[in-house]
Amino acid sequence: MTDISDDANADLSVDTFIARLHDRTEMSLTPLNTVNEPCATISEDHLHRPGLALAGYVDLFTYQRVQVLGNTETRYLKHLAPKERRAAFGNLTQFNIPCIICTADNTIGEDLVAMATEAQIPVFQTPTPTVDAMGTMRAMLVDQFAPQQAVHGSLVDVYGIGLLLSGPSGIGKSEVALDLIERGHRLVADDVVMVTRRDSSILMGAGTDLVQHFMEVRGLGLVDIRAMFGIRAIRFQKRVELVVQMEMADENTSYTRIDMIEGTREILGVELPRVRVPITPGKSVTVICEVIAMNYLLRHYGYDPKEVFQQRLRNQIQSGRKGPRRGIQYFEQDYE
């Protein structure tokens, strides 16, 4: 299976940033000035509180970030004389700053707002406390600039586990996903899965804006899963936790017989556990996928069937017993 790498996410305009904050969160932002063309766009997911820059030290000033003025910064400016206050604020406006956000209902005064307007720097005010506002803005920026990759396959939520069905074209990924949906599981994406890395080891999957929950089944054509099976049959996002690699059975290839997890699959620098499933006539891959998900849940909660079996095997070897024995001591009075 070949992956399709996405280009790096483009810079974010200030207008889009503010609009998304308004649409996706409850954080309200009031513009304090009007800037026709901001001097810079937002190019990274970090925020900055420019305390040292206001004090005059700008050698390490990360001016390309969204600048946040909280209680400390605004009260520092207010305690200065008017001339010194303008000089301190000029330490910021000499740079191409994307925007300035005053939190906790703080303001910087009309004279400093005028300086920002002249420098083409938008200034906004929010009643949200500084820590909460930074958390909200940071989460949105992390999502915007998170690494993304388009991966061929089908992503299905099976018992709460995100299974990425992979394999060569035509092997039956969509058919297996369709069968899983019929059995009550939920489709996230088919054919192309947009994978986004959140934090250092979490991969989130979603469909593309064009396909979403449409599915192409060979011999049938396009199927609208949401229209056919209802809202219960879909998800818009799901964490990718396990890769099910479907491949045609090869008699010259040895497959694991004890440990279900065999190797890993790397996506965006994250190693995901991988299960290889050989495809043979009559094999119920759907049931196998359900067992894979349930076994993964057992391991997640501390029960590893391979370890339990190996411990039983060690105990039998140490006891010196030979040959198989019944698994029960005696038969109950039940001869069904």
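General observations
- The chain: relative contact order in percent, alpha carbon pairs under 8 Å with at least 6 residues between: 14 percent
- Axis of helix 82-93 versus longest Cα principal axis of the chain: the two differ by about 40°, to the nearest ten degrees.
- Top of Asn252, Asn36, Asn295 by mean-square fluctuation, Gaussian network on the chain, Cα under 10 Å: Asn252
- One quarter of the surface of the convex hull around the alpha-carbon atoms of region 1-111 equals 9.4 nm², the direction-averaged projected area.
- For region 135-274, the share of alpha carbon pairs falling in successive 10 Å distance bins from zero is 11, 40, 32, 14, 2, 0 percent.
- Each other residue within a Cβ distance under 13 Å of Leu54 adds +1 if Lys or Arg and -1 if Asp or Glu, for a net charge of +3.
- Considering only Val243, Val308, Val58, the mean-square fluctuation computed in a Gaussian network model of the chain, springs between alpha carbons under 10 angstrom, is largest for Val308.
- Probe 1.4 Å, all protein chains present, accessible-area order of His48, His152, largest first: His152, His48
- Solvent accessible area, Å² - His22, 1.4 Å probe, full protein context: 130 Å²
- Convex hull volume per residue in cubic angstrom - Cα atoms of the chain: 246 Å³
- 3J(HN,Hα) along region 41-48: 9, 8, 10, 8, 8, 8, 10, 9 Hz, from the Karplus curve 6.51 cos²θ - 1.76 cosθ + 1.60 with θ = phi - 60°, whole Hz, x for Gly and Pro.
- Summed side-chain charge close to Glu241 - residues other than Glu241 whose Cβ falls under 15 Å, Lys, Arg +1, Asp, Glu -1: +4
- GNM flexibility winner over the chain from Gly302, Gly135, Gly282 (Cα, springs under 10 Å): Gly282
- Each Lys or Arg adds one and each Asp or Glu takes one away; over the other residues whose Cβ falls under 11 Å from the Cβ of Thr128, this sums to -3.
- Long-range HN-HN contacts of Arg239 with modeled amide H, under 5 Å: Gly205
- Theoretical ellipticity at 222 nm over the chain - DSSP helices of four or more residues, -39500 (n - 2.57) apiece, nearest 500: -9500 deg cm²/dmol
- Heavy-atom accessible area for Val277, with the other protein chains in place and a 1.4 Å probe, reaches approximately 10 Å².
- Secondary structure note: in the chain, about 65% of the DSSP beta bridges are antiparallel.
The values are calculated or read from the model by the stated rules, or taken from the named source; none is laboratory data. Source: prediction; values computed, not measured. Backbone-built Cβ (ideal geometry, glycine too); neighbour counts: all protein chains shown. Ligands, DNA and RNA are excluded from the accessible area calculation, which covers all protein heavy atoms including side chains. Shrake-Rupley method; radii C 1.70, N 1.55, O 1.52, S 1.80 Å.
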